[in-house]
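The values are calculated or read from the model by the stated rules, or taken from the named source; none is laboratory data. Since the structure is predicted, the reported quantities are computational estimates derived from the model, not experimental observations. Note that each Cβ is placed from the backbone with ideal geometry, even for glycine, and that neighbours are counted across all protein chains shown.
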Amino acid sequence: MATRCAFQQRPANATVLCYGAPFCEPQTSCLVSNTCAQTPFQPVTENGTFVGSFDAVGNFSLFPGPNLTFASSQPLQVDVMTLPSSLVSLDLHNATSIPSALPSTLKRLAFHSPNVTSLRDQQWTSLTHIDLVDTPLTSLSNWSVGTNLTSFLCSRCAFSSFFVTPDTYTILAYTTTFSVRSILFASDACAASFGTKLMLHSQYPVCVIGPPPSSHGGTIAAVVVVVVLLLLGLFVLKRQRRRASHYHDQGDDEADDAGDVSEDILAPLLPYRLDTSVEFNAKLGEGTFGQVWLACLRNQDDVVAVKTLRPERRTAPRILTAFVAEIHLLARLHSPDIVGFVGVVWSSQHPARVKCVMEYMDKGDLRAFLRKNALGLSWHFKCQYVALPVARALAYLHARGILHRDVKSRNVLLHSTLGAKLSDFGVASSEESGAISSKAVGTLGYMAPEIMSQHRHSPAGDVFALGVVLKELDSHQLPTDHGVEFTAECPSWVRALVVQCADPEPERRPTAAQVVEIIADATERLDESKLQTP
């Protein structure tokens, strides 16, 4: 007698994404029908990321990696999902709910579902990061978090009420990052639940609930409530001090700006000025001159990245002028392969604290991604989602007479669904091809010989650096003075392209547009049936 298929009750055209036995080959994923038969269609899979059109996720308990991302073009069911017991990070895009049984090892949960407005019965006690930024929740009930929680992002959430236990309230008060769109206080419902109104992060009214007082113990219960509130007040005070210190690092409230800086210096940015303010959450990175923050625009849904000058740098008019030029250049670039510009924010009282608002790339930079992901990425993924967008970005810039001058893996940012984009135009230039500058600009290991020896910058210098990035995609190692050997898995055409890009004579290097053609043609020829699976 044939074994009944576990997916038999699903619609006839439904597909379920599975991994390993009993439906797929070992260490591979597959889509199965409601009869448990494999279908000929496969999602794009790469190192724990599965993107495509499927109705549900099934058994992934044998998946070996620490991170999983599922993104479906259809509403994604998770009722039959089984996750690996050692999973650390889970991203769900377009899912209809969150799995009821999360591994105790899970530290990060990202749930991005634009059609979900309510969640209940969530036990998030192991998580350190909760990311609900693209989910417009209005209700979250019967939920709990653990003491290790540091980040709660729900910037599209407009809660009609917010009920928490004293423990959950205290933990949320101590989070480094807490972001919601709004919280309304339901006074009648709070009173009916014997709750008490408290302010969370000095901004959001929440109902802290406890067990109802007995008829004989009302006075004692009242005393207990007062004590609890006093303790919570101390917790909140400590949290506010920590937040004040956190924002002091950002410098937004400091009074150390150059006193003679005029707002006129920002005149080129007036067409791009946003009539809003910025709510900073967490620092994403820091360089010699600037800082990049995860942030939200006040009263808006989307999470953004915000670049500012370091407090000690904005006292120098020369540095501020260069930052304004960088923002002005970025504002005029319109390419899907370049990190998107949202706008600029500043106050007339403190023009030196100008903030460049950009789209947020949720997977960080390519350098960190390669360091974390060993050698398990297919060349189809590397070419289609990384190398090709970066080459297209350079072709776009060069066609407009713009040199990037600092192409490197740290300046390639990644998004879970949008792929790679080129970023950081702090040293970009509109100089003529072959122009000689007063100094070599760029990063050691990525600079072409003519830049190092003659300070001669041209589009060929960007192409040289692109070749270095291609070699990093193969070896996952930083460039060194003695070079890095190609791996055995590196396609011959990639080796040949890297050699062309590294030609000592800049005139013999291919143009960025030619590199785009080479990568695009090679990507089409790749046999996807032989893609490596993580």
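When the range 37-51 is filtered for residues that are over 22 Å from PHE369 (Cα atoms) and either surrounded by 18 or more Cβ atoms within 10 Å (Cβ to Cβ) or assigned by TED's automatic domain parsing to the domain that holds HIS415 (or both), only GLN42 remains. Is the range 379-391 home to any residue that is modelled with pLDDT of 85 or more and over 28 Å from the mean Cα position of the chain (by Cα)? No, that holds for no residue. Based on what the data block shows, is LEU473 modelled with pLDDT of 95 or more, surrounded by 15 or more Cβ atoms within 10 Å (Cβ to Cβ) and assigned to a helix (DSSP H, G or I)? It is false that LEU473 is modelled with pLDDT of 95 or more, surrounded by 15 or more Cβ atoms within 10 Å (Cβ to Cβ) and assigned to a helix (DSSP H, G or I).
Tell me, which residue of the range 279-293 that is out of contact with any helix residue (DSSP H, G or I) (no Cβ under 9 Å at 6 or more places or on another chain) and of a type in the set (S, T, N, Q) is farthest from SER347 (Cα to Cα)? That would be THR288.
Pick from LEU90, LEU31, LEU109, LEU102: which is hydrophobic (A, V, I, L, M, F, W, C) and in a loop (DSSP other than H, G, I, E, B)? Explain how you work it out, then say what you get.
Numbers: LEU90 fails: in a loop (DSSP other than H, G, I, E, B); LEU31 fails: in a loop (DSSP other than H, G, I, E, B); LEU109 fails: in a loop (DSSP other than H, G, I, E, B).
When all the criteria are applied, what remains is LEU102.
Six or more apart or on different chains, Cβ under 7 Å: which pairs go from a residue in the range 101-119 that's buried (at least 18 other Cβ atoms within 10 Å of the Cβ) to one that's assigned to a loop (DSSP other than H, G, I, E, B) and of a type in the set (D, E, K, R)? Could you list them? From the range 101-119, the pairs are HIS112/ASP134. Of the strands (runs of 3 or more DSSP E) lying entirely inside the range 350-429, those carrying at least 2 residues that are closer than 20 Å to ASP462 by Cβ are 412-415, 419-422. Any residue at all in the range 15-22 that's on the phi > 0 side of the Ramachandran plot and buried (at least 18 other Cβ atoms within 10 Å of the Cβ)? Checked against the condition, which is being on the phi > 0 side of the Ramachandran plot and buried (at least 18 other Cβ atoms within 10 Å of the Cβ), the range 15-22 yields at least one hit. Restricting attention to the range 381-417, the residues that are surrounded by fewer than 18 Cβ atoms within 10 Å (Cβ to Cβ) and either more than 23 Å from VAL306 (Cα to Cα) or out of contact with any Ser or Thr (no Cβ under 8 Å at 6 or more places or on another chain) (or both) total 5. The listed residues are SER193, SER187, and the only one of them that is surrounded by fewer than 18 Cβ atoms within 10 Å (Cβ to Cβ), farther than 30 Å from THR105 by Cα, more than 34 Å from the chain's Cα centre (by Cα) and modelled with pLDDT of 85 or more turns out to be SER187. Identify all residues within the range 123-160 that are in contact with a helix residue (DSSP H, G or I) (Cβ under 7 Å, 6 or more places away or on another chain) and within 22 Å of GLN300 (Cβ to Cβ); write none if there are none. Listed by number, the list holds a single entry, PHE152. Here LEU17 clears all of (1) outside any strand (DSSP E or B); (2) modelled with pLDDT of 90 or more except the condition numbered (1). Just one of the listed residues (PHE152, PHE159, PHE163) is surrounded by 16 or more Cβ atoms within 10 Å (Cβ to Cβ), aromatic (Phe, Trp, Tyr) and under 23 Å from ASP362 (Cα atoms), and it is PHE152.
Looking across the range 267-285, just one residue is acidic (Asp, Glu) and touching a residue at least 24 places away in the same chain (Cβ under 8 Å), and that is GLU279.
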